[in-house]
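The values are calculated or read from the model by the stated rules, or taken from the named source; none is laboratory data. The model shown is predicted, which means the values in this text are computed figures rather than measured ones. Glycine gets a Cβ as well: all are built from the backbone with ideal geometry, and neighbour counts include every protein chain shown.
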């Protein structure tokens, strides 16, 4: 079920929320588990069996890990990891690996035809696999007690607001909250709904509008010059942010209405002054997952320099692969890994340049320049994320270096989509960039508009904007495919 | 809870005010011959053209031996003048992309046994695969009857339906933005050109009917049965190169439906002697030469089946 659907907004969410508060506490977990199953089965019903398998394996693994010591304890953890990653590998990476092997063998002159098993990727598989894994790892580390109630553990993996696109929760946060008694709290409910509204605005008014231009250009990027591809790439940077953080805001808001606090997943990432800061503000639940369960166990930065670089690169390559079974995603991760390694290696040079230019006396200007550079590095990286093939990615990047063909296809793009629609999209996108820090702080409750009339005017305007300017249809959230 | 309800009401009020203010500005200000609202979304259609004229020409107090209804296949495939020549009064209420969701509301608000002796419903799978937005966009701007416009916009169950209605009411005093030179009295549209060169015919796509459209087709048949309006379902000719397998799947569904509701169903899709190039002006619409041959075959069949008849003197 999509958050941006009639069924969710006007049937599922109000009914589940109302029933949640009407039921006594002891039945609420069952309601939420049933609702979460219903929510998930609205996509491809049979894939609930995969979730059931993951839940069963990790529930049992948690108990076995807690009840054993030494090598046995480690063996149960390894079994859980193998089972989880095995499911992920089969459903998400089988075709990718098979095709990659075929390409490799064909390049070596050997005949090999990849087998199409017709596997459909279960929605949100990477999210709930990682969330479930974090439970067994935390139990193994002794940070979390094994959950003895299977229903409650199932709800931890399946909690509907964050089931298909995160945030990737940790048991220490979500599992423990499932036991709390939540009472109707007017301020909290209103705040949750306000955050949901901000999420809908980002998804419907910004992300899905940007998608119209982006999809058109990226469907055949080789037909366009630098102006069109640059516009589409800037808009994609905004689209993916608003799509994913919009989803997260709706998820956090829906959970907050019922009394749950989910992890913050975004903190205005395009205000970052470095790539490392960007990753502390973008998809925080995933980057912290990789930090805690891959990067630090590998030794993090407490190793010799070349190992440190390798650790960084490996984590980002894995992060790229987590996003999608395609070499372009791996390249996107690799680009970010190289950015980070470059930033560390060139830190001394950067300091000298800053002093040479006298920017150290103007820290705000220095930061502003860093933000601009960081944003453009991130935007360039998105080309690999969005392009369907490397040929398309190189065509986009190459088009920026060809001033002679700068305007190729631009007039056609405007004519095809309509000048008004392209212009409206650009105006909204630019306006949003200015509005985002303020709107984000309001949505998270870190800021408050003084005076009730102004508050109502703001949220009323947001709702009206969703109605008037929203791009309706049934556009999926981009991150559902991961 | 009382506080929450008051807050919800206040939010709805402020959103309503902001919505009306924004729509007023976007509907009243024009740029390049169209209101600004048309520049903000690709689903808005300008008021005017074939649909605008036919609903102003249609007289609910006149008696029609046959009323045609359906998508562009209907208003480009059934020429009232050809029926008139054979002594039958006819009117064409077909409109662009019109599926049963829209047909149902037009039938309910415009037709009754006194003005319609036979309703010829052209059923085209292409229109029934759509969600009805295209047609609702056209009809909400061009229908005269408010009830039909409101009902079909709300039937979309989509905020775009509300926007289309708002645009309708805020631009009601505005005349049509354009005229259709192919329009002919009786709600018909004529095309005399033919397919030139080879067209690409899409084949092999599975039939994916919109469940709401199928539901509304059944509701239309039920309504006509209750109201006493005789109905005949017709498929107009398709080019030979079009997707026969897909049509066969559609035909099976429709045949079953026709039997259940006991309405005659005439499938001319591939029961014709027309030529893909000479009798069609694109990949699925007849030109005038095609319409003349098709209608010449259809009228005697309707007569022979006793579907076209005059009331006893």
Extreme residue, surrounded by the fewest Cβ atoms within 10 Å (Cβ to Cβ), among residues of region B:280-306 that are over 22 Å from the mean Cα position of the chain (by Cα) and part of a loop (DSSP other than H, G, I, E, B): B:306
Here is a check on your reading of the model: is residue A:262 out of contact with any strand residue (DSSP E or B) (no Cβ under 8 Å at 6 or more places or on another chain) and assigned to a helix (DSSP H, G or I)? no
What number of residues within region A:157-193 are more than 14 Å from every other protein chain (Cβ to nearest Cβ), within 28 Å of residue A:203 (Cα to Cα) and free of Cβ contacts under 8 Å to residues at least 24 places away in the same chain? 0
Quick one: which residue in A:393, A:465, A:441 is closer than 30 Å to residue B:130 by Cβ and either touching a residue at least 40 places away in the same chain (Cβ under 8 Å) or more than 14 Å from chain B (Cβ to nearest Cβ) (or both)? A:465
Counting only residues that are more than 10 Å from chain B (Cβ to nearest Cβ) and touching a residue at least 60 places away in the same chain (Cβ under 8 Å), which one in region A:421-431 is nearest to residue A:227 (Cα to Cα)? A:426
I'm trying to understand the selection: among the residues of region A:275-291, which are under 12 Å from residue A:248 (Cβ atoms) and touching a helix residue (DSSP H, G or I) at 6+ places or on another chain (Cβ under 8 Å)? A:282, A:283, A:286
Quick one: residue A:294 ticks every box in (1) surrounded by 19 or more Cβ atoms within 10 Å (Cβ to Cβ); (2) touching a helix residue (DSSP H, G or I) at 6+ places or on another chain (Cβ under 7 Å) except a single one, so which number is it? (1)
Is it true that residue B:171 is more than 27 Å from residue B:251 (Cα to Cα), surrounded by 17 or more Cβ atoms within 10 Å (Cβ to Cβ), within 17 Å of the chain's Cα centre (by Cα) and away from chain A (no Cβ under 14 Å)? no
Do we find a residue being under 21 Å from residue B:207 (Cβ atoms) and part of a helix (DSSP H, G or I) anywhere in region B:235-244? yes
Find the helices (runs of 4 or more DSSP H) located wholly in region B:1-113 whose residues include 1 or more that are within 14 Å of chain A (Cβ to nearest Cβ) and surrounded by fewer than 19 Cβ atoms within 10 Å (Cβ to Cβ), and list them. B:2-28
Would you check if residue B:130 is within 18 Å of residue B:214 (Cβ to Cβ), in the same structural domain as residue B:52 (by TED's automatic domain parsing), surrounded by 24 or more Cβ atoms within 10 Å (Cβ to Cβ) and within 15 Å of the chain's Cα centre (by Cα)? no
Considering residues that are buried (at least 16 other Cβ atoms within 10 Å of the Cβ) and in contact with a helix residue (DSSP H, G or I) (Cβ under 8 Å, 6 or more places away or on another chain), the number found within region A:59-92 is 18
Just to verify a result, which residue in region A:406-420, among those that are surrounded by 14 or more Cβ atoms within 10 Å (Cβ to Cβ), modelled with pLDDT of 90 or more and in a helix (DSSP H, G or I), is nearest to the other protein chains (Cβ to nearest Cβ)? A:417
Checking A:177, A:222, A:195 in turn, the sole residue that is surrounded by fewer than 22 Cβ atoms within 10 Å (Cβ to Cβ) and within 23 Å of the chain's Cα centre (by Cα) turns out to be A:177
